[in-house]
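Asker: To start, I am sharing the structure in question, which I have written as structure tokens.
The values are calculated or read from the model by the stated rules, or taken from the named source; none is laboratory data. Here the structure is a predicted model, which means the values were calculated and not measured. Positions of Cβ are backbone-derived with ideal geometry, glycine not excepted, and every protein chain shown enters the neighbour counts. In case anyone asks, the SASA skips ligands and DNA or RNA and just uses the protein heavy atoms, side chains included. Shrake-Rupley method; radii C 1.70, N 1.55, O 1.52, S 1.80 Å.
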Amino acid sequence: MTLAFLNLTWPTIANGLALGGVYALMAVGIGLVFGVLRLVNFAYGQLIMAGGFALAYGAQWGLPNWVSILFCFGVVLALSVLMDRLVFRPLRTHSPAVMLVATFAIAFLLQNVALLAFGAYGKSAGSLAELNAPWDIGGVEIKKIAVIAVATAVFCLAVLQLLLTRTPLGLHMRAAALDFRTARLLGVRANRVIAGAVLISGAFAAVAAVMLSATEIQVTYSFGLQDTILVLAGVVLGGLNRPIPATLGGFAIGFASGILGGVLPSNQSQYLPAFLFAAVIVVLLLRPNGLFTRATGAVERV
Amino acid sequence: MKSVRRLPELLAPVVLVLATALLGLEVSSYLQAYFLDTLVKVAIVVALYLFIGNSGVLSFGHISFVALGAWTAGVLTVPERQKTIVMPGLTHFLLTATVGNVASLGLAAGVGLVAALVVGLPLMRLSGLAAGIATFAVLEIVNNVLNYDQSLGPAENAFSSVPSTTGIWQATIGALICIGLAFLYQRSRFGRMLRATREDSAAAAAAGISVHRQRLLAFALSGALAGLAGGLYIHLQPLQASNLSLELTFITLAMLVVGGSGSLLGAVVGALALNGLYSFFSAATNGVDVLGWQLTVPTGTAEIVVGVLMAVVLVLRPSGLTGGRELSLPRRRVVADLQKARAPT
Amino acid sequence: MTTLAVEGLSVRYGAVEAVRGLSLEVQAGEIVGLIGPNGAGKSSTLHAVMGTAPVSGGDVRHDGRSLVGRRPEDVARGGVALVPEGRRIFGELTVEENLRLGLAARRSRASGSGLARAYGLFPMLQEFRRRHAGALSGGQQQQLAIGRALVAEPDVLLLDEPSLGLAPKIVDVVFEALGRIRESGLAVLLVEQRAQRTVAFADRSYVLANGELRLTLGPDDASDTERLVAAYLA
């Protein structure tokens, strides 16, 4: 079934939703850490990259899929904690500009370590490639991974929402994101809140790595990089300092990217990044506080 | 009349650059390539400093001006006969127009200036994170277009047949022009006004300073210098679009930060020191002689060293090696103390 | 043992000394006032107790244990609660969520009693508990801020200018609540701009000017305006 006016087919829409879902998770990951630390983690993509390599090793060692995935989670969470201890903590008292450049440095560093360790061609993480095969749904062929990605994203976001609204830790995190100083004066433990944000952020990065590895089987040093850049743009577009708009922004850019990738003729699709970033600039100019936020933007420290 | 006190502020970077140039003349032509690369990097980092150091606004997009300058100078200096062979897709105008070396550099600076004006006009209204992301978007757009558009240049292929006209003297003069202009700017009232907005933009605006206009001026000037540097760069190495994007952005930003983003001396020191290290470790991938010891490192070590150094400096001394200070006599401590006396966190 | 003791406290921000050699004490069951002109160092004193201001000398003790150098959340968990200047409630959270935040510092396991205490003191809070805190009026927000501090069942309650920006009727409500709090055995240190009312209400009031303790007043001195003014301007 084709929608007449564009080259828009159901599989394309499904892919758009799937990419939107994955990007939404990434947006949440970045947004959570920003909320409590006022730090934009440029190196988020490297967490995904590390997850990708973990999956590749799992495939190489012949581990069953679920073990590979657990290993992926382990690696990503460990790296997240390490990043927090070595980089975020000592920099917490410095200016946001310094923190921005520092995470940029970490991103660059990790990329080159991967390049050094795994070479330009990287490793193959083919264990989930079978999910690229399509399901027949009502006569339309939708990729299995598209359905799984959307379902996983919805599930993760739902669980997170429950955590944030129904548990004390979630409440503490929300308060810390609004006014960390006052929250601490009330007894909210800064270290716990930050650890919580870092771990959840890492977990979502691991999920993203698993989802992305199904379509992008070859894991290289730049695995997840382009996606992270787009998500960052989407988060800023949506409104960095508010969690729901940020997530919507990430979803929007993922969805747009997926749709446009399927709709644009191939000689124009290579300019897809340029289109998307041009849109980012336009939105930033019109609504510097984000598309989905109300006019009064909250204070950002940069 | 400029007070004599200020002279060391200009002389220190100039002397450093001249020393580098003279050293570069003495070494073998294999090593000289690294010196030339360093001098071009000095030009780029000084261009970055002119805007970032004085305005306090982060820009991730300057390398796009370097790229545009490189493309301009490159396409216009490839001999016409070669152009039809290596870049057949070029628009007719670019295919037939060929200029001399110096003219190409001037045009490169001009293109950089115009591009920065066009980009800066809307973008300089933004600040902080939004400006960072927006300039990053510009980088991505320019990189994307230059990488695929065959009517503007070699697209995905490396530039070839560009005359290698960037020698020690040309590179040195280029770097000195950038340093000289940056010095004149920061000593001018425009530079002072912009620095006032860096400290407290609300107060500066209340004092009648047009934040937007001053930022735009600095952005345009730094775009011109970046374009010039790009022109020098393309005449040094056969570059590709991928050489002029995220990685170069990171490295030049690292040089500025490590040297000290608040001062011209910092920009120069950072570029010289970091590119020196980078060159050393790049050369070491083929084996290098250090005081009688043979040192060989795996490829990619240079990037890692630079990355680690940048991270370490940021954690231990975020104001950089020079602490954001110029060389002048006597040193001014008042502002630093006033900042400390402000409310705590 | 003194519930809250400040001994020779000095607070310094860079080159600026906000508090110089201040000593005072608050016992359980009493309200001590801290008054003085703007910039006298009253807020800085409270923040020094909580650990959010740089202490350059002296000590602060809660039940004999020193608080200096401890993290703010640990001070709070030790039983010292601050009602900050400007209330600083979380406008985007509900009233109940704001109160639940106060539970972060509680020392006993039972969570029900904490909220009940706040609702008991300010019944309005129970009525509005599902509303976003930002929708409350200034006076209601102040009640919320105080209630939130009490939820953790602290030993010491610090208040930073609670009557700031409130209408006189609401100020009455706040002071009346403070009276009931005093009866429950807390040690209360009250920083205020309204000098006369505070001096009349508190068991004892300290006058701070230029970072130094100038005068100690009792409730009987409340009508002695000359002495008060002299102390402020000294």
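Asker: Give the ranking of A:ILE281, C:ILE181, A:ILE69 by solvent-accessible surface, highest area first, calculated with a 1.4 Å probe. Spell out each step's value before the answer.
Answerer: Working: A:ILE281 25, C:ILE181 5, A:ILE69 50 Å².
Result, largest first: A:ILE69, A:ILE281, C:ILE181.
Asker: Show which aspartates and glutamates lie in cross-link reach of A:LYS143 when reach means a straight Cα distance below 16 angstrom and same-chain residues fewer than eight apart are skipped.
Answerer: Here the aspartates and glutamates satisfying the reach criterion relative to A:LYS143 are A:GLU130, A:GLU216.
Asker: Right, another one. Where in segment B:246-267 does accessible area fall by at least 30 Å² between the isolated chain and the complete protein assembly, at a 1.4 Å probe radius?
Answerer: Those residues are B:LEU246, B:PHE250.
Asker: With every protein chain left in place, what is the accessible area of C:GLU17 in Å² (1.4 Å probe, nearest 10)?
Answerer: 60
Asker: One quarter of the convex hull surface, Cα atoms only: what value does that give for chain B in nm²? Walk me through the numbers on the way to the answer.
Answerer: On the way: hull surface 76.8 nm².
Its Cα hull, projected and averaged over all orientations, spans 19.2 nm².
Asker: Let me ask something else. Calculate the tail of P(r) for segment A:1-157: the fraction of all Cα-Cα distances greater than 26 Å, expressed in %.
Answerer: Details: 4995 of 12246 pairs.
More than 26 Å apart: 41 percent of the Cα pairs in segment A:1-157.
Asker: What are the semi-axes of the equivalent ellipsoid for segment C:110-203, taken as the square roots of 5 times the Cα gyration tensor eigenvalues, largest first, in whole Å? Can you show the working numbers first?
Answerer: Details: eigenvalues 90, 61, 20 Å².
They are 21, 17, 10 Å, listed from largest to smallest.
Asker: Expressed as a whole number of Å, what is the distance separating the alpha-carbon centroids of segment B:262-280 and segment B:80-156?
Answerer: 26
Asker: Go ahead and run the numbers for FRET between C:ALA15 and B:SER188, Cβ-Cβ distance against an R0 of 25 Å, rounding to 0.05. Each step should come with its number before you reach the end.
Answerer: Numbers: r = 32 Å, r/R0 = 1.27.
For C:ALA15 and B:SER188, the calculated efficiency is 0.20.
Asker: Taking 7 Å along the Cα-to-C-beta vector as the label spot, tell me the B:GLU199-B:TYR30 distance in nanometres, rounded to one decimal.
Answerer: It works out to 5.3 nm between the two label points.
Asker: Also, I was wondering about something else. Take the Cα atoms of segment B:147-196, build their convex hull, and give its volume per residue in Å³.
Answerer: Working: hull volume 6.7 nm³, N = 50.
Taking the convex hull of the Cα positions in segment B:147-196, it is 133 Å³ per residue.
Asker: Moving to a separate point now. Work through the residues other than C:ALA230 whose Cβ is under 13 Å from its Cβ and net out their charges, Lys, Arg +1 and Asp, Glu -1. Write down the numbers at each step before the final one.
Answerer: Working: positive: C:ARG214, C:ARG227; negative: C:ASP221, C:ASP224, C:GLU226.
Taking every Cβ under 13 Å from that of C:ALA230, the sum is -1.
Asker: If you don't mind, another one. Between A:ALA279 and C:ASP203, what is the spin-label point distance in nm, taking each point 7 Å from the Cα along the Cα→C-beta axis?
Answerer: 6.7
Asker: Relative to the compact-globule scaling 2.2 N^0.38 Å, provide the ratio for the alpha-carbon radius of gyration of the protein assembly as shown. The partial results should precede the final answer.
Answerer: Values: Rg = 31.0 Å, N = 881, 2.2 N^0.38 = 28.9 Å.
Dividing the Cα radius of gyration by 2.2 N^0.38 Å gives 1.07.
Asker: A further question follows. Calculate, in whole percent, how much of the Cα-Cα pair population of segment B:84-144 lies beyond 19 Å.
Answerer: Details: 967 of 1830 pairs.
For segment B:84-144, the share of Cα pairs beyond 19 Å comes to 53 percent.
Asker: Okay, moving on. In the protein assembly as shown, carbon and sulfur make up what percent of the accessible area (probe 1.4 Å)? Mind dumping the intermediate values first?
Answerer: On the way: 22070 of 35930 Å².
Carbon-and-sulfur percentage of accessible area, whole number: 61.
Asker: Whole Å is fine, so just give me how far the alpha carbon centre of segment A:199-268 lies from that of segment C:202-220.
Answerer: 61
Asker: Using only protein heavy atoms and a 1.4 Å probe, report how much of A:CYS156 is accessible, in Å² to the nearest 10.
Answerer: Estimated to the nearest 10 Å², A:CYS156 gives 20 Å².
Asker: Sticking with this structure for a sec: When you have a sec, figure out the Kirkwood radius of segment A:44-103 from all distinct Cα pair distances and drop it here in Å to one decimal?
Answerer: Working: mean 1/r = 0.0788 Å⁻¹.
It works out to 12.7 Å.
Asker: Compute log10 of I(q)/I(0) for chain C with the Debye formula, placing one identical point scatterer on every Cα and leaving out solvent, at q = 0.13 Å⁻¹, to two decimals.
Answerer: Log-scaled intensity ratios, in q order: -0.75.
Asker: Computed on protein heavy atoms with a 1.4 Å probe, what is the summed buried accessible area for the chain pair A and C, in Å² to the nearest 100? Walk me through the numbers on the way to the answer.
Answerer: Working: alone 15020 and 10260 Å², together 23350 Å².
The buried area between A and C, both sides summed, comes to about 1900 Å².
Asker: Can you list the residues of segment B:295-320 that have at least 10 square angstrom less accessible area with all protein chains present than in their chain by itself, probe 1.4 Å?
Answerer: B:PRO298, B:THR299, B:GLY300, B:GLU303, B:ILE304, B:GLY307, B:VAL308, B:MET310, B:ALA311, B:LEU314, B:VAL315, B:PRO318
Asker: Turning to a different aspect of this structure: What translational diffusion coefficient, in µm²/s and rounded to a whole number, does the Stokes-Einstein relation yield for segment A:128-178 at 25 °C and a viscosity of 0.890 mPa s, taking the hydrodynamic radius as the Kirkwood radius over Cα pairs?
Answerer: Details: Rh = 13.2 Å.
Stokes-Einstein gives a translational diffusion coefficient of 186 µm²/s.
Asker: A follow-up question, please. What nm value, rounded to one decimal, do you get for the distance between A:GLU130 and A:GLN268 when each label is placed 7 Å out toward the C-beta?
Answerer: 3.9
Asker: Which whole-angstrom value gives the distance between the alpha carbon centres of segment C:38-92 and segment C:180-196?
Answerer: Using only Cα atoms to place each centre, the spacing works out to 16 Å.
Asker: Applying 1/(1 + (r/R0)^6) with R0 = 56 Å to the Cβ-Cβ distance of B:VAL114 and A:ARG89, what FRET efficiency is obtained, to the nearest 0.05? Working shown, then result.
Answerer: Values: r = 44 Å, r/R0 = 0.79.
Once the sixth-power term is evaluated, E becomes 0.80.
Asker: Another one. Show A:ASP84, B:ASP200, B:ASP289 ordered by accessible area, largest first, where the area counts protein heavy atoms only and the probe is 1.4 Å. Spell out each step's value before the answer.
Answerer: Working: A:ASP84 5, B:ASP200 75, B:ASP289 115 Å².
Largest to smallest exposure gives the sequence B:ASP289, B:ASP200, A:ASP84.
Asker: Right, next: Counting only heavy atoms of protein chains, what accessible area per residue, in Å², does the protein assembly as shown have with a probe of 1.4 Å?
Answerer: Details: 35930 Å² over 881 residues.
Per residue, the protein assembly as shown has an accessible area of 41 Å².
Asker: How large is the Kirkwood hydrodynamic radius of segment B:1-94, in angstrom, based on all distinct alpha carbon pairs? All intermediate terms of the calculation are to be shown ahead of the outcome.
Answerer: Numbers: mean 1/r = 0.0595 Å⁻¹.
Roughly 16.8 Å, rounded to one decimal.
Asker: Let me ask something else about it. What's the total accessible area buried between chains B and A, using a 1.4 Å probe, rounded to the nearest 100 Å²? List each step's numbers first, then the result.
Answerer: Working: alone 16250 and 15020 Å², together 27920 Å².
Looking at B and A, the buried total is near 3400 Å².
Asker: Report, to one decimal in Å, the Kirkwood hydrodynamic radius for segment B:11-62 based on all distinct Cα pairs.
Answerer: Values: mean 1/r = 0.0809 Å⁻¹.
Result for segment B:11-62, one decimal place: 12.4 Å.
Asker: Just the projected area, averaged over all directions, of the convex hull on the alpha carbon atoms of segment B:162-282: how many nm²?
Answerer: Values: hull surface 33.8 nm².
Projected area, direction-averaged: 8.4 nm².
Asker: On to the next question. Give me the number: length gained by fully extending B:TRP169 to B:HIS212, i.e. 0.36 nm times residue separation minus the C-alpha to C-alpha distance, one decimal in nm.
Answerer: Separation in residues times 0.36 nm, less the Cα-Cα distance, equals 11.8 nm.
Asker: Sticking with this structure for a sec: Residues of segment B:142-175 with accessible area at least 40 Å² lower in the all-protein-chain context than alone (1.4 Å probe)?
Answerer: For segment B:142-175, once contacts with the other chains are taken into account, B:ASN144, B:TYR148 lose 40 Å² or more.
Asker: Sticking to Cα atoms, compute the Rg of segment A:174-286 to one decimal and its Dmax as the biggest Cα-Cα distance, whole number, in Å.
Answerer: 17.4, 58
Asker: Given segment B:65-188 reduced to its alpha-carbon atoms as identical point scatterers, what log10 I(q)/I(0) does the Debye formula return at q = 0.13, 0.23 Å⁻¹?
Answerer: Log10 I(q)/I(0), no solvent term: -0.64, -1.33.
Asker: May I ask you to work out the translational diffusion coefficient for chain A at 20 °C, viscosity 1.002 mPa s, via Stokes-Einstein with Rh from the Kirkwood sum over Cα pairs, reported in whole µm²/s?
Answerer: Details: Rh = 19.7 Å.
Using the Kirkwood radius from Cα pairs, D works out to 109 µm²/s.
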